[in-house]
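One structure is given here, and the rest of the page talks about it.
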Amino acid sequence: MVIAVGAAVLIASLPIWAGKLQAWAEWAAAGGVLLVVAAGWATAAGLRKGMTPAAKLLLAALIVAGLALFTSVAPYESVRMLLLFTAALALLMLSLDLPIVAAALGWAVAAGGAIAGLWGLREYFMTWAIMGDTSWRPFAGFLNPNALAGYLLVAVPALVAAFASFRRQAEGKQPGHPARVLWLVAAILAGLGTVTLLLTASKGALLGAVVAAAVSVLVRGRRRLLMGGALIVVVAGVLLLPPVRHRVAAAFSSQQGSSVGFRARTWAGTFDLARARPLLGWGPGSFRHAYPRFARVGFTAEAHESWLQWAAECGVPAAVLLLAALAALGWGLSRRPGPWATAALFALTGTLIHNLFDYTWYLPPVLLGLFALMGAGLAEEVAPAEGRPRRVGLLIAALLALGVVTSGWFCLAEVASVRADMLAREGYPYAALAIAENAASRAGFSSDAWVEVGKIAEGLAGAAHDSAGLARAAEHYERAIAVCPSEPAGYIGAARCLREAGLFEEARRWAEAGTHIYPGGPAMLLEYAHCLEAAGDEAHALDVYRAVMALADADYGRYVSLEGWADHHLAEASSAVARATKSPDERLRAWRTAGRVTASWLEWNLHYRASLEIGGQADSGRMSEMCSLALDAAAALTRTGHAGDDALAAKLRKLAERATAGR
């Protein structure tokens with residue numbers, strides 16, 4: 001009972017703290033689940049004999065993915081992803097061994113759905129009331145609205161299963177009976193969760209829900225109830241809810257920043273990534289480190305196509321095994337009676353479809369919640385099986401305990417790194433640096449941890465104009481490169497620190513090496529141009545500035561991940577071209593490009609200023625620089641006498657005034 005309660009509390013709480021792709025949360029989620037499973041197997045009187053075919057396929061996929069660890073470009077992230085996937089598989093197997101745990105996990109996913117649904121609904125109405133924005137897409141405790149939608153795609157079916165379970169118990173009971181009250185509460189929570197899912201306006205999740213409803217109809221035969229209900233809900237959402245209407249209209253428009261265009265080009269780059277290493281991939285969880293050299297549009301930490309990303313990270317064989325295992329799990333669920341099996345089949349189908357367009361598979365609440373719900377569905381109404389010796393359970397528990405210790409160690413290191421970042425933001429750089437160095441030493445081979453140390457050390461040295469301190473900060477960035485040679489942040493940081501320390505040739509070498517890692521990245525190219533300029537090679541620097549400016553009219557500038565967003569590096573490079581070129585025509589084109597990009601950047605940041613400030617992502621220094629650039633561009637464009645240039649100049653001045661007034 002204690003194990004069941006512990007597992008339920010952990011799974012139900014995941015949407016509160018583990019939905020933002022934060023390293024500490026992923027380590028904590030993996031370690032917590034492994035601890036519960038290890039305790040369950042260590043204390044269980046008997047375990048089931050053998051493994052199901054689906055579990056064998058999952059184990060095979062895990063083993064093949066584990067082999068990719070030896071070729072990984074980011075071993076730290078690979079260990080974390082492997083432990084998280086191991087935790088999901090172990091949770092599923094524990095559910096089959098201990099039915100009481102399986103039942104608790106199903107109710108835990110339903111409880112998590114209630115939490116996320118109510119949280120998202122409150123966020124939407126509070127935003128509507130305070131800001132008057134009816135098009136707001138809630139994300140509750142998750143990274144973005146699509147991530148919340150991915151979780152609700154798993155959790156809302158669990159709420160429906162809870163409703164069906166209470167309905168069975170309420171049959172024949174008098175009004176006011178607790179079973180009837182709980183039945184009503186479950187119905188209300190399921191309805192509210194569905195509304196929140198629609199408000200997220202995630203096109204992939206809505207498509208997943210429709211396909212899942214169709215599969216449920218084919219399996220269960222309730223055509224009118226399920227398919228009709230799903231279609232009515234989706235159509236009503238499109239017609240009645242502003243966020244859904246806006247997103248559906250945008251999907252069929254020619255908006256430059258449409259997510260469809262961005263995703264299509266990201267998938268093409270990910271396909272190139274997978275094709276480069278088809279057998280073992282680049283390492284589990286290593287996408288954001290390996291992808292930059294193949295990127296065709298702006299950088300993204302995830303491929304927005306989980307199965308293609310899994311193939312790129314772990315190799316094609318591992319991806320085939322994983323999809324075969326999930327198909328086997330779906331087949332097993334389709335053969336099980338009861339509401340929890342139906343809910344799990346719906347959640348699995350919806351997640352499979354949604355992750356053709358997104359990356360919710362990599363979110364701990366979605367991954368662990370889905371496996372918990374599938375465990376509840378597969379264990380439903382199954383008779384006890386022949387057991388195997390208890391010593392086997394003790395052996396498995398001992399092996400999982402190693403994962404618990406590893407997860408705990410790295411989780412504490414990540415928490416310390418987060419604390420260091422907070423102290424640096426609050427104005428305590430010396431304490432932050434000491435904590436960050438300790439965290440990086442504990443994490444050992446985490447490139448992110450060494451980059452964080454480099455940023456704090458750079459801030460301290462830069463404020464004091466300390467050349468020796470900047471050189472030491474560059475060494476921290478170089479440690480990040482040594483740990484993960486494909487991480488652009490290390491090259492950019494090392495080059496910037498060395499350039500500011502006056503070591504121009506060393507800075508140029510690091511920047512040039514970085515351009516091979518991220519050849520289409522404006523931030524990397526811009527730093528290379530700065531280093532060339534500092535080293536006295538102005539002609540070459542101008543060519544690099546031109547290459548960055550050209551990205552504004554290429555796919556990079558046309559297809560962005562967030563509607564209306566613009567990369568400030570493009571504006572900076574364009575202004576550099578305008579100031580350095582001797583051609584009047586090129587100067588005018590450069591100022592127009594700089595003005596257009598700056599206007600988009602200011603509009604987007606002013607529109608989301610409140611959200612950025614709440615999230616600690618507002619950069620007042622960058623805002624000041626862009627306002628200054630806006631005024632420079634406006635002054636240059638005013639002199640052309642062209643009506644379009646005058647309109648852009650007036651717009652830039654107005655945006656700069658708004659930004660200045662708001663500070």
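The values are calculated or read from the model by the stated rules, or taken from the named source; none is laboratory data. This structure is a prediction, so every number in the text was calculated from the model and none was measured. When we count neighbours, we look across all protein chains shown, and the Cβ atoms used for this are built from the backbone with ideal geometry, even at glycine. Side chains included, ligands, DNA and RNA excluded: accessible areas come from the protein's heavy atoms. Shrake-Rupley method; radii C 1.70, N 1.55, O 1.52, S 1.80 Å.
Open to solvent by 20 Å² or more (accessible area, probe 1.4 Å) and in contact (Cβ under 8 Å) with a residue 60 or more places away in the chain: is that true of D555 in this structure?
Yes; evaluated as a whole, the condition is true for this residue.
Before we move on, is L631 open to solvent by 60 Å² or more (accessible area, probe 1.4 Å) and among the hydrophobic types (A, V, I, L, M, F, W, C)?
When the stated conditions are applied, L631 passes them.
If only one of V544, V560 is in contact with a Gly (Cβ under 7 Å, 6 or more places away or on another chain), buried (at least 20 other Cβ atoms within 10 Å of the Cβ) and farther than 21 Å from A636 by Cβ, which one is it?
V560 is the lone residue from the list that is in contact with a Gly (Cβ under 7 Å, 6 or more places away or on another chain), buried (at least 20 other Cβ atoms within 10 Å of the Cβ) and farther than 21 Å from A636 by Cβ.
Mind checking which helices (runs of 4 or more DSSP H) fall wholly inside region 507-626 and carry at least 1 residues that are aromatic (F, W, Y) and under 30 Å from M422 (Cβ atoms)?
584-607
Matching residues to (1) among the hydrophobic types (A, V, I, L, M, F, W, C); (2) farther than 16 Å from A60 by Cα:
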position	(1), (2)
G298	no, yes
A303	yes, yes
Q309	no, yes
C314	yes, no
L321	yes, no
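With the checklist (1) open to solvent by 30 Å² or more (accessible area, probe 1.4 Å); (2) touching a helix residue (DSSP H, G or I) at 6+ places or on another chain (Cβ under 9 Å) in hand, flag the one item Y608 doesn't pass.
Checking Y608 against (1) open to solvent by 30 Å² or more (accessible area, probe 1.4 Å); (2) touching a helix residue (DSSP H, G or I) at 6+ places or on another chain (Cβ under 9 Å), the one that fails is (2).
Considering region 266-283 alone, what residues qualify as being in a helix (DSSP H, G or I) and open to solvent by less than 60 Å² (accessible area, probe 1.4 Å)?
T266, A268, G269, T270, D272, L273, A274, A276
Could you grab me the full set of residues in region 78-90 that are at pLDDT 95 or above, open to solvent by less than 20 Å² (accessible area, probe 1.4 Å) and farther than 16 Å from A319 by Cα?
L84, A87, A88
Restricting the search to region 613-628, which residues are in contact with a helix residue (DSSP H, G or I) (Cβ under 9 Å, 6 or more places away or on another chain), modelled with pLDDT under 80 and open to solvent by 60 Å² or more (accessible area, probe 1.4 Å)?
Residue satisfying the conditions is Q617 alone.
Kindly indicate the residue of region 426-483 that is open to solvent by 60 Å² or more (accessible area, probe 1.4 Å) and part of a loop (DSSP other than H, G, I, E, B) and also modelled with the lowest pLDDT among those meeting that condition.
Only one residue fits best here, namely H465.
Looking at (1) buried (at least 23 other Cβ atoms within 10 Å of the Cβ); (2) at pLDDT 95 or above; (3) over 17 Å from A68 (Cα atoms), find the lone condition where W310 falls short.
Every listed condition holds for W310 apart from (3).
Kindly list, by first and then second residue, each pair from a residue in region 409-420 that is under 15 Å from E437 (Cβ atoms) to a residue that is outside any helix (DSSP H, G or I) and open to solvent by less than 60 Å² (accessible area, probe 1.4 Å), limited to pairs with Cβ atoms under 9 Å and residues at least 6 apart or on different chains.
Note: pairs meeting the criteria are A413/G444; A413/S446; E414/S446; S417/S446.
In region 484-497, which residue that is open to solvent by 30 Å² or more (accessible area, probe 1.4 Å) and of a type outside the set (A, V, I, L, M) is nearest to R442 (Cα to Cα)?
So, considering only residues that are open to solvent by 30 Å² or more (accessible area, probe 1.4 Å) and of a type outside the set (A, V, I, L, M), the one nearest to R442 (Cα to Cα) is P485.
Which numbered condition in (1) surrounded by 23 or more Cβ atoms within 10 Å (Cβ to Cβ); (2) within 31 Å of the chain's Cα centre (by Cα); (3) not hydrophobic (A, V, I, L, M, F, W, C) is the only one that G595 fails?
(2)
So in region 121-161, with the set limited to residues that are among the small types (G, A, S) and free of Cβ contacts under 8 Å to residues at least 40 places away in the same chain, which one is most open to solvent (accessible area, probe 1.4 Å)?
By that ranking, first place goes to A129.
Of the residues W128, W119, only one is in contact with a Gly (Cβ under 8 Å, 6 or more places away or on another chain) and of a type in the set (F, W, Y); which?
W119
Just the residues that are farther than 20 Å from S95 by Cβ, in contact (Cβ under 8 Å) with a residue 60 or more places away in the chain and over 22 Å from the mean Cα position of the chain (by Cα), please, taken from region 309-363.
Of everything in region 309-363, those that are farther than 20 Å from S95 by Cβ, in contact (Cβ under 8 Å) with a residue 60 or more places away in the chain and over 22 Å from the mean Cα position of the chain (by Cα) turn out to be P317, L321, A324.
Can you work out which of the residues in region 184-202 that are touching a helix residue (DSSP H, G or I) at 6+ places or on another chain (Cβ under 6 Å) and surrounded by fewer than 20 Cβ atoms within 10 Å (Cβ to Cβ) is modelled with the highest pLDDT?
Out of the qualifying residues, it is L192.
Go through region 319-365 and count every residue that is in a loop (DSSP other than H, G, I, E, B), farther than 22 Å from T266 by Cβ and either open to solvent by 20 Å² or more (accessible area, probe 1.4 Å) or of a type in the set (A, V, I, L, M, F, W, C) (or both).
Selection size over region 319-365: 3.
How many of the residues in region 326-358 are modelled with pLDDT under 95 and hydroxyl-bearing (S, T, Y)?
Here the count works out to 2.
For region 29-44, enumerate the residues that are over 16 Å from V366 (Cβ atoms) and in contact with a Phe, Trp or Tyr (Cβ under 9 Å, 6 or more places away or on another chain).
If the condition is that a residue be over 16 Å from V366 (Cβ atoms) and in contact with a Phe, Trp or Tyr (Cβ under 9 Å, 6 or more places away or on another chain), then G31 is the only one that fits.
Tally the residues that are under 15 Å from D358 (Cα atoms) and either β-branched (V, I, T) or without any contact (Cβ under 8 Å) to a residue 24 or more places away in the chain (or both), restricting the search to region 268-287.
Count: 1.
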